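Working notes for the structure below.
Readers should treat all values here as calculations from the given coordinates under stated rules, not as data from a laboratory. As the structure is a prediction and not an experimental result, all values here were calculated from the model. Cβ sites come from the backbone with ideal geometry, for glycine too, and all protein chains shown count toward neighbours.
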Amino acid sequence: NRLGKPQSEAYLACMPQATKDRSAVPERTPEQVAAAARVPAEQVHLDLLDSLTDALVRLKRRAGDPESAARMFLLSHVDRHAPVRATDLAEHVGLDLSTVSRHLRALEDDGLVVRSPDPDDRRAARLELSAEGHAALARALRARAEAVAAATTSWTPTDLTNLEQLLARLADDLENTP
């Protein structure tokens, strides 16, 4: 993990490991199932969070991030929700409006985001990506996709599908759990 500490032996024992050729995941042994029952749920969740953080840090490093991660984070959300008000964007990303506004001003100054009047409220503006903003986002996404592709060349299509489905499920559950 990112802190250089190995995950607990019990945690590792309960995780099914792919065979060397990654073509099949063996069934867990009774010892592994017993070990899983002894792993405190909090530790499993901390290990999972640590692994997710580690993967994102390594992805950022491998991709060479042609743009800052924070800028690309906001660009991707503007793109996903466009046209969007800054207040709505701040709510979507879970950040303070002043923080989002500061970053949006920089994105606008760099020609990546454009403002237009909100037809429902002339005091407000809606934000969208400019052509240059779309190009910057596409470059960053392409660099990250290439890094993931290079790191997963030995993975089976099933491994990739399982990871995508589990991450999507986690994202949905984080969004929908009270």
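Computed values, structure above
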item: Cα shape, segment 93-133, gyration tensor, a/c 1.5 rule; result: oblate
item: Spin-label pair Ala168/Leu52, simplified geometry with 7 Å Cα→Cβ offset, distance in nm; result: 1.7
item: Global geometry of segment 97-178, whether rounded, prolate or oblate, following the gyration tensor of its Cα atoms and the 1.5 cut on a/c; result: oblate
item: Length added when fully stretched, Glu91-Glu175, from 0.36 nm per residue minus Cα-Cα; result: 29.0 nm
